[in-house]
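Novice: Sharing a structure with you now.
The values are calculated or read from the model by the stated rules, or taken from the named source; none is laboratory data. Bear in mind the structure is a predicted one, so any value in this text is a computation, not a measurement. So basically every Cβ, Gly included, is an ideal-geometry build from the backbone, and we count neighbours across all protein chains shown. Please note that ligands, DNA and RNA were not included when accessible areas were found on the heavy atoms of the full protein model with its side chains. Shrake-Rupley method; radii C 1.70, N 1.55, O 1.52, S 1.80 Å.
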Amino acid sequence: MQGEEPHKRRVRYKGTHPRKYSEKYKELNPEKYQDTIEKVIQKGSTPAGMHISICVKEILDFLQIRPGMIGLDATLGYGGHSLEMLKCLEGKGHLYGLDVDPIEIEKTKKRLQALGYGEDLLTVIHQNFADIDQVAEKHGPFHFLLADLGVSSMQIDNPERGFSYKNEGPLDLRLDPQRGIPASERLREVARDELVGMFMDNADEPYAEEIAKAIVSQLRRGKKIETTTRLAEVIAEALAFLPDAERKETVKKSCARVFQALRIDVNSEYEVLDAFLQKLPAAMAPGGRIAILTFHSGEDRLVKKSFKEWKKAGVYSEIAEEVIRPSAQECARNSRARSTKMRWAVKA
């Protein structure tokens, strides 16, 4: 009939199971193929295009959300945490959600709207949480706030975003691909010493010197490093001196750390987090509760230091003395939860 969209056949793949991200049509349609999604999760994996929220129970237990409250999800992502917080509001109050990713934010907004959370309960804003002062001036102060500092699984898994060394894609690593420069361009403008510092400061990379030397050598010889797999190859070449027995595992770990370090640099993540933590107390109502999830030592150090300083100044009445970690059961179900640390604070 006229006006109807033509039927599209799904992408065909070789073998019994799809391997490429774009071929995983069942995982990319979780609403339609819930059985498949559950099977993938039961195996300890994250379905393509999805993100499994971490420490949900621990976060909700601490935030103590009640109907009528005003809250902020400073890092909306896939919206899993937001969905659970919205349920706690029971249709009364409001939740604001921020995200810098223009691609995923629209998908999440539609997903939550389809579940019945429209503009009367949820406002989604494309904005960096470093600008929390601007958001709070217009919509605050907030009774509860969550900031999940991890990169969402759907960003990592999509090869077009360039976040993972495991799949061929452009070496980009920007959370907002409309701003800044991609990692491939950043590598061309950084001196060797600065690159060493980046890998050490942002990821504690033990072979920072060797990897930085290899990258700079490739670029000086006119060889481009513009894809995720090419950077992984350069890292592997830099570590070729290691004994055979330990080389494969070490290369994997170094790839993960170098990609993390580059992502932090490209997105100015430490500077953004520092700005957020400085402005955070003024955005909260008296007695307001804050929960922050971190995923590596650099982030956790910044959060811990900020919370302690504001507590000493009398701005926070209570802070977490020890980090809260996901349970063993959660880590078994979601391997990406293993490095998570949760810290909390209460506004005086």
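Novice: Please work out which one of (1) modelled with pLDDT under 55; (2) open to solvent by 40 Å² or more (accessible area, probe 1.4 Å); (3) more than 27 Å from PRO326 (Cα to Cα); (4) of a type in the set (D, E, K, R) is the condition GLU38 fails and give its number.
Specialist: For GLU38, the failing item is (3).
Novice: Here's a follow-up. Of all helices (runs of 4 or more DSSP H) completely enclosed by region 144-250, which ones contain at least 1 residues that are in contact (Cβ under 8 Å) with a residue 60 or more places away in the chain?
Specialist: Working: elements: 153-157, 183-189, 192-203, 208-220, 228-238.
Helices (runs of 4 or more DSSP H) meeting the threshold: 153-157, 183-189, 192-203, 228-238.
Novice: While we're looking at this one, here's another question. Are any residues in region 73-102 assigned to a helix (DSSP H, G or I) and in contact with a Pro (Cβ under 7 Å, 6 or more places away or on another chain), and if so, which ones? Walk me through it before giving the result.
Specialist: In the first step, residues of region 73-102 are kept if they are assigned to a helix (DSSP H, G or I); the result is 80-89, 102.
Within region 73-102, just LEU89 meets the criteria.
Novice: What is the residue count in region 303-325 for residues that are open to solvent by less than 20 Å² (accessible area, probe 1.4 Å) and either farther than 20 Å from GLY287 by Cβ or outside any loop (DSSP other than H, G, I, E, B) (or both)?
Specialist: Here the count works out to 5.
Novice: For the list (1) among the aliphatic types (A, V, I, L, M); (2) touching a residue at least 40 places away in the same chain (Cβ under 8 Å); (3) over 21 Å from ARG325 (Cβ atoms); (4) not in a loop (DSSP other than H, G, I, E, B), I need the number of the one condition that ILE59 fails.
Specialist: So the condition that ILE59 fails would be (3).
Novice: While we're here: Of the conditions (1) open to solvent by 10 Å² or more (accessible area, probe 1.4 Å); (2) closer than 25 Å to ALA345 by Cβ; (3) not aliphatic (A, V, I, L, M), GLY79 satisfies every one except a single condition; which number is it?
Specialist: (1)
Novice: Scanning region 251-280 for residues that are among the hydrophobic types (A, V, I, L, M, F, W, C) and free of Cβ contacts under 8 Å to residues at least 40 places away in the same chain, which turns out most open to solvent (accessible area, probe 1.4 Å)?
Specialist: VAL251
Novice: Looking only at region 287-302, which residues are over 15 Å from LEU149 (Cβ atoms) and open to solvent by 10 Å² or more (accessible area, probe 1.4 Å)?
Specialist: Matches in region 287-302: GLY287, ARG289.
Novice: Any residue at all in region 303-320 that's within 21 Å of GLN260 (Cα to Cα) and out of contact with any Pro (no Cβ under 9 Å at 6 or more places or on another chain)?
Specialist: Within region 303-320 (the criterion being within 21 Å of GLN260 (Cα to Cα) and out of contact with any Pro (no Cβ under 9 Å at 6 or more places or on another chain)), the answer is yes, since at least one residue qualifies.
Novice: Same structure, new question: Based on this model, can you work out whether ALA245 counts as on the phi < 0 side of the Ramachandran plot and either surrounded by 16 or more Cβ atoms within 10 Å (Cβ to Cβ) or touching a Cys at 6+ places or on another chain (Cβ under 6 Å) (or both)?
Specialist: Considered against the rule, which asks whether it is on the phi < 0 side of the Ramachandran plot and either surrounded by 16 or more Cβ atoms within 10 Å (Cβ to Cβ) or touching a Cys at 6+ places or on another chain (Cβ under 6 Å) (or both), ALA245 comes out as no.
Novice: Of the residues that make up region 326-344, is at least one in a helix (DSSP H, G or I), of a type outside the set (Phe, Trp, Tyr), surrounded by fewer than 16 Cβ atoms within 10 Å (Cβ to Cβ) and within 20 Å of the chain's Cα centre (by Cα)? Let's see the steps before the verdict.
Specialist: The first filter runs over region 326-344 and keeps only residues in a helix (DSSP H, G or I), leaving 328-333, 335-337.
Subset that is of a type outside the set (Phe, Trp, Tyr): 328-333, 335-337.
Cutting the leftovers down to surrounded by fewer than 16 Cβ atoms within 10 Å (Cβ to Cβ) gives us 328-329, 332, 335.
Next, from what is left, pick out any that are within 20 Å of the chain's Cα centre (by Cα): 332, 335.
Scanning region 326-344 turns up at least one residue that is in a helix (DSSP H, G or I), of a type outside the set (Phe, Trp, Tyr), surrounded by fewer than 16 Cβ atoms within 10 Å (Cβ to Cβ) and within 20 Å of the chain's Cα centre (by Cα).
Novice: Mind checking which residues of region 176-197 are open to solvent by less than 70 Å² (accessible area, probe 1.4 Å), out of contact with any strand residue (DSSP E or B) (no Cβ under 9 Å at 6 or more places or on another chain), more than 10 Å from GLU226 (Cα to Cα) and not small (Gly, Ala, Ser)?
Specialist: The answer is PRO177, ILE181, ARG186, VAL190, LEU195, VAL196.
Novice: OK, next. Look through region 100-121, keep the residues that are open to solvent by 50 Å² or more (accessible area, probe 1.4 Å) and among the acidic types (Asp, Glu), and return whichever of them is nearest to GLY79 (Cα to Cα).
Specialist: GLU106
Novice: Do you know which residues across region 217-235 are over 22 Å from ARG161 (Cα atoms) and crowded, with 18+ Cβ neighbours inside 10 Å?
Specialist: Correct list: GLN218 only.
For every residue, the table says whether it meets (1) modelled with pLDDT under 95; (2) hydrophobic (A, V, I, L, M, F, W, C).
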| site | (1), (2) |
| --- | --- |
| ALA240 | yes, yes |
| ALA245 | yes, yes |
| ARG257 | yes, no |
| PRO286 | no, no |
| GLY298 | yes, no |
| SER306 | no, no |
| LYS312 | no, no |
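Novice: Further, regarding this structure: Is it the case that region 326-342 has a residue that's touching a residue at least 24 places away in the same chain (Cβ under 8 Å), under 30 Å from LEU195 (Cα atoms) and in contact with a Lys or Arg (Cβ under 6 Å, 6 or more places away or on another chain)?
Specialist: no
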